[in-house]
């Protein structure tokens with residue numbers, strides 16, 4: 001089978017490519033070829049048992065969707081997006097990439113839909129929801145995004161559901177939790193601290209916590225994110241039904257519980273590297289974010305995330321730090 | 001003030017224009033000019049106390065949105081749409097008119113948004129919801145349209161909310177119930193029978209009922225639809241908050257209750273003109289439609305519909321039949 005990953009240069013996309021290279025198959029089917037697409041040429045995973053093609057292109061440019069769909073990949077992972085912060089500061093770019101890029105891809109699939117109906121896995125976000133929220137957000141809660149990014153992701157979900165209903169494609173949208181512990185350097189994303197306070201202390205560095213320890217949020221590990229994508233790619237479409245967009249499972253913890261978990265896994269010395277420095281602006285932004293979901297549909301369909309935040313930390317130590325941290 | 005109605009040739013749009021001509025004002029403000037826009041040149045209402053301009057144009061054509069927004073109307077009613085049936089049979093046209101046309105208009109408003117923030121009233125539809133439903137659909141029920149029309153209306157709602165949040169416009173989206181009693185000739189819309197079974201018998205003609213009398217649905221009169229539009233145009237935006245799309249009130253009745261109301265208002269002779277002729281296809285379509293809402297937000301904001309279906313019938317007799325019917 002031929003698998004195409006659009007947005008393969010990102011953190012989740014490159015982990016997905018690595019995982020496919022390790023498995024050599026997707027579900028029961030052997031992979032013959034993987035096409036990796038991003039605006040900058042993606043780095044292919046080492047030792048892949050299949051052909052790898054890398055393409056540097058901008059999905060939002062005219063004709064690009066059609067060129068990616070023309071070889072008729074069996075599965076298309078569409079992970080490419082302008083992130084939340086940039087979609088908010090650059091209105092035009094966010095709509096062009098996140099809405100027009102996604103629609104261009106789906107329209108290309110539609111144009112080829114005579115005898116070709118690929119599984120399309122689309123990464124949406126819990127940003128499709130906007131406060132105020134009930135204590136646990138149910139699967140049938142309305143979509144009232146409070147960011148342009150969330151709006152664009154919601155529109156992608158709607159197009160995916162309609163194009164699937166019409167038989168143009170076989171789409172599954174998955175709303176990813178905040179990915180914790182996110183590897184890499186600290187960034188300026190408002191959500192960055194959720195990972196910074198774990199990753200930096202484990203590396204022997206100081207991290208800043210800009211919110212109170214009572215702040216509750218919804219997390220899943222990068223490993224779970226890859227598992228979600230693979231499960232979404234191989235799931236029986238009939239079992240999903242017409243509501244093709246699913247809130248992924250995660251773990252609801254407060255920052256205080258995150259820190260307790262870090263203490264259990266790595267000890268008090270590591271925890272002492274977290275510096276409390278309240279930031280009113282970040283506290284204001286985070287207040288509007290979801291805290292807890294009740295993702296019954298995804299759980300019933302077999303999606304699984306971590307049960308305790310210690311696991312998120314251990315996964316980070318295993319997958320990113322070769323099992324070591326600075327005690 | 002200057003008011004522009006896009007989709008002014010349709011049933012609701014022309015009634016709105018007539019109402020504005022009668023009132024001479026919108027809320028507290030005198031109307032100086034009304035621009036009526038549709039694909040076919042709209043007929044202006046008689047005896048209007050303000051300037052009327054009529055424009056025949058296609059909102060989905062390039063540059064049309066900008067040309068309509070350039071005179072900076074204070075209020076824009078955007079009612080133009082390809083209807084549900086046609087949006088389903090003509091995929092390309094539905095998306096072009098209902099999505100690209102709406103986005104083109106909103107983008108034009110955004111382009112002028114420096115010192116210009118008009119109230120934009122957008123007619124959405126209960127088609128943004130898709131079965132299965134709870135017994136009464138709450139305001140926070142998720143949007144899972146099961147038609148391309150419903151998908152396009154939902155996307156319009158999302159754009160309206162985001163463009164309003166960003167300060168580009170001051171939008172209000174209203175989800176209209178099925179309009180009953182709809183004047184005019186019987187049409188092939190799957191929902192046509194809800195009005196046909198009242199309107200035709202009152203005109204001395206036979207009407208076909210293709211579903212069972214237990215079929216329940218959500219109705220408001222054309223007069224209420226115009227009231228909703230005017231209320232949405234004059235409502236305090238602060239009172240609405242960030243969730244700018246509202247399910248309009250209506251009355252939930254079964255077809256049997258509609259027929260009982262017709263009997264009360266017009267007598268048994270009129271009711272006898274309804275012929276029962278079950279149509280499996282129509283019954284299948286209607287089964288997926290909403291039956292009842294709990295539109296608490298719209299009610300709290302002062303939107304009002306009929307309390308009894310007899311009122312819908314009396315309004316039809318008053319507004320369309322000069323108070324007379326064929327007994």
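The values are calculated or read from the model by the stated rules, or taken from the named source; none is laboratory data. This is a predicted model, so every value here is computed, not measured. Ideal geometry is used to build each Cβ from the backbone, glycine not excepted, and the neighbour counts take in all protein chains shown.
No other residue among B:164, B:154 is within 14 Å of another protein chain (Cβ to nearest Cβ), at pLDDT 95 or above and under 15 Å from the mean Cα position of the chain (by Cα) apart from B:154. Could we say that residue A:62 is assigned to a loop (DSSP other than H, G, I, E, B) and buried (at least 21 other Cβ atoms within 10 Å of the Cβ) here? Here the answer is no, as residue A:62 does not meet what is asked.
Has segment A:230-240 got any residue that is on the phi > 0 side of the Ramachandran plot and without any contact (Cβ under 8 Å) to a residue 12 or more places away in the chain?
No.
Of the residues B:90, B:107, only one is under 22 Å from residue B:38 (Cβ atoms) and facing another protein chain (nearest Cβ under 10 Å); which? It is B:107. Take the conditions within 14 Å of chain B (Cβ to nearest Cβ) and touching a residue at least 24 places away in the same chain (Cβ under 8 Å) and apply them to residue A:184. Does it pass? No; evaluated as a whole, the condition is false for this residue. Within segment B:224-245, restricting attention to residues that are more than 14 Å from chain A (Cβ to nearest Cβ) and in contact with a helix residue (DSSP H, G or I) (Cβ under 6 Å, 6 or more places away or on another chain), the residue that is surrounded by the fewest Cβ atoms within 10 Å (Cβ to Cβ) is B:226. Could you check how many residues of segment A:305-319 are out of contact with any helix residue (DSSP H, G or I) (no Cβ under 8 Å at 6 or more places or on another chain) and surrounded by 14 or more Cβ atoms within 10 Å (Cβ to Cβ)? Adding up the residues that qualify gives 1.
Within the bounds of segment A:239-247, is there any residue that is at pLDDT 95 or above and closer than 29 Å to residue A:318 by Cα? The answer is yes; a qualifying residue exists. Tell me, which residue of segment B:91-128 that is modelled with pLDDT of 95 or more and assigned to a loop (DSSP other than H, G, I, E, B) is surrounded by the fewest Cβ atoms within 10 Å (Cβ to Cβ)? So the residue we want is B:117. Collect the residues in segment A:25-55 that are in contact with a strand residue (DSSP E or B) (Cβ under 7 Å, 6 or more places away or on another chain), in a strand (DSSP E or B) and more than 16 Å from residue A:11 (Cβ to Cβ), keeping them in residue-number order. Scanning segment A:25-55 gives A:26, A:33, A:34, A:35, A:51, A:52, A:53, A:54, A:55.
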